[in-house]
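Student: Got a structure for you, questions after.
The values are calculated or read from the model by the stated rules, or taken from the named source; none is laboratory data. As the structure is a prediction and not an experimental result, all values here were calculated from the model. Neighbour counts run over all protein chains shown; Cβ positions are idealised from the backbone, glycine included. Note: areas computed on protein heavy atoms with side chains; ligands, DNA, RNA excluded. Shrake-Rupley method; radii C 1.70, N 1.55, O 1.52, S 1.80 Å.
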Amino acid sequence: FAIVFGITIGGTMMASNTEDMRKLSLAVKTAFSDTVKSNPCELKLYVRMFSLLSRYSMHAGWFGFLLGVMSMLISLEDFIEHDRNIGILAGGLALALMSLVFGTMSSKFIFDPLKHCFERDLQPASESDGDKIEAQPQPKPAMFKVILFSSLALLLIAVVVLVSLRVSMLEKGG
C-alpha cells in the first residue's frame, strides 16, 4: 500500500509544480459537486493530473510486484534449507500480489473515473454554425460517486485485512 501510493504521489509531485498540486484537492471537490464550476484550462489541468496519478499508480503496482518477486528469490535458499516451508516465501508473494491489486484498483477505479469525468466536461455540448461552445456545466452521474466510494471502501477493507493478518501472525510468533 505504501509503495504504490508513495510512488504515485511522489511521482506526481515530481512531474508537477507546487501550484498544480495545490489544485488537486480542488479537483476532487469539483468532481463531487453537482455541476462543473471550472474553466476549460482548469479542466485540462485536472485531466492531466489524474492521468499522471493513474499512470503512476499502475507503474508503482508493477514496481511493488518486482520487489516482491525479488524478495521471494532472495528467500529461496532459506526456503530450500527449511524443509520447503512456504511461509518463508509468503511475505514476498504477498508484497507482489497486493502491490498489483492496489496499483490496478487505484488506477482503474479511482483515478481513471475522475479523469474521464473531467474529459467528458471538456467536450463541447453542441456545435452551432461551426462555433464550438466552451465547457458547459453538466450534472455528474450518481453512479460515479457510487463507484468511487465503493473502490475506496474496497481499498480500506484490504488494508484492514492485511493489518489483521499481520497482527495475528505477530501474536502467533510472539
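Student: Rounded, prolate or oblate: which one fits the range 1-100, using the alpha carbon gyration tensor with axes a ≥ b ≥ c (rounded when a/c is under 1.5, else prolate when a/b beats b/c, else oblate)?
Tutor: prolate
Student: Then there's this: Calculate, for the range 1-62, the solvent-accessible area per residue in square angstrom, rolling a 1.4 angstrom probe over the heavy atoms of the protein chains.
Tutor: About 54 Å² of surface per residue is accessible.
Student: Kirkwood hydrodynamic radius (Cα pairs, Å) of the range 25-76?
Tutor: Evaluated on the range 25-76, it is 13.5 Å.
Student: Further, regarding this structure: Over all directions, average the projected area of the Cα convex hull of the range 43-116 and note it in nm².
Tutor: Across all orientations, the range 43-116 yields a mean hull projection of 4.6 nm².
Student: Which order do the peptides 63-75, 8-20 come out in when sorted by mean C-beta neighbours inside 10 angstrom, highest first?
Tutor: The peptides rank, most packed first, as 63-75, 8-20.
Student: Can you run phi through the Karplus equation (6.51, -1.76, 1.60; θ = phi - 60°) for the range 48-55 and list ³J(HN,Hα) in whole Hz, with x for Gly and Pro?
Tutor: Each residue of the range 48-55 in turn: 5, 5, 6, 5, 4, 4, 5, 5 Hz.
Student: Next question. How much length is gained if the chain between residue 86 and residue 169 is pulled fully straight, taking 0.36 nm per residue apart and subtracting their Cα-Cα distance, in nm to one decimal?
Tutor: 28.4 nm
Student: Given a 1.4 angstrom probe, I'd like the percentage of the accessible area of the range 1-71 that is carbon and sulfur, rounded to a whole number.
Tutor: Using a 1.4 Å probe with all protein chains present, the range 1-71 comes out at 68 percent carbon and sulfur.
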